1. So which pairs qualify, if the first residue must be in segment 62-77 and more than 12 Å from L104 (Cα to Cα), the second must be among the basic types (K, R), the Cβ gap must be under 7 Å, and the two must be at least 6 apart or on different chains?
2. Being within 15 Å of Q25 (Cα to Cα) and either at pLDDT below 90 or of a type outside the set (A, V, I, L, M) (or both) is the filter here, so list the residues in segment 53-91 that pass it.
3. Under 9 Å by Cβ, and 6 or more places apart or on different chains, what pairs join a residue from segment 40-57 that is within 15 Å of N102 (Cβ to Cβ) with one that is assigned to a loop (DSSP other than H, G, I, E, B) and at pLDDT 65 or above?
4. Is segment 71-78 home to any residue that is under 11 Å from the mean Cα position of the chain (by Cα) and of a type in the set (K, R)?
Amino acid sequence: MKTILATIRFPSELYQQLKSAAQAQNTSIDQLIIQSVRQALQNNEIPSIENQLVLNQIVSPAQIFPESGLLKVNGIFYRYLTENNAPILNSTAYLVIGVTGNILTIRAIKK
């Protein structure tokens, strides 16, 4: 497949989040961007505000409230599901991997 070199400017905070998400998924930033764009185009999606604000955010254990089923991202509380319905690990950070309305899907970041 032929590739084209393109320059994209990211706000520094977004770039750091992208870098962290790529590391958490054990992939390169290029591959993460390509995968995300390809998926959005295939699904003919226009990202929602929630997608833009919370997708690929890292959530610390202090932001997760298992007793209520809520987590807090950017000052907003969301309901959440864990990948594969795994129980929340108290000392583990999570990555937001999916957004459906006000429900976030999160994946534990392996150390």
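1. As it stands, the answer is Q63/K72, since those pairs meet every condition given.
2. Matches in segment 53-91: L55, N56, Q57, E83.
3. Pairs that qualify, where the first residue is within 15 Å of N102 (Cβ to Cβ) and the partner is assigned to a loop (DSSP other than H, G, I, E, B) and at pLDDT 65 or above, are S48/G101; E50/G101; E50/N102; L53/N74; V54/N74; Q57/N74.
4. For segment 71-78, residues under 11 Å from the mean Cα position of the chain (by Cα) and of a type in the set (K, R): absent.
The values are calculated or read from the model by the stated rules, or taken from the named source; none is laboratory data. The structure presented is a predicted model; accordingly, all values stated were derived computationally and were not measured. In this analysis, Cβ positions are derived from the backbone assuming ideal geometry, glycine residues included, and neighbour counts consider all displayed protein chains.
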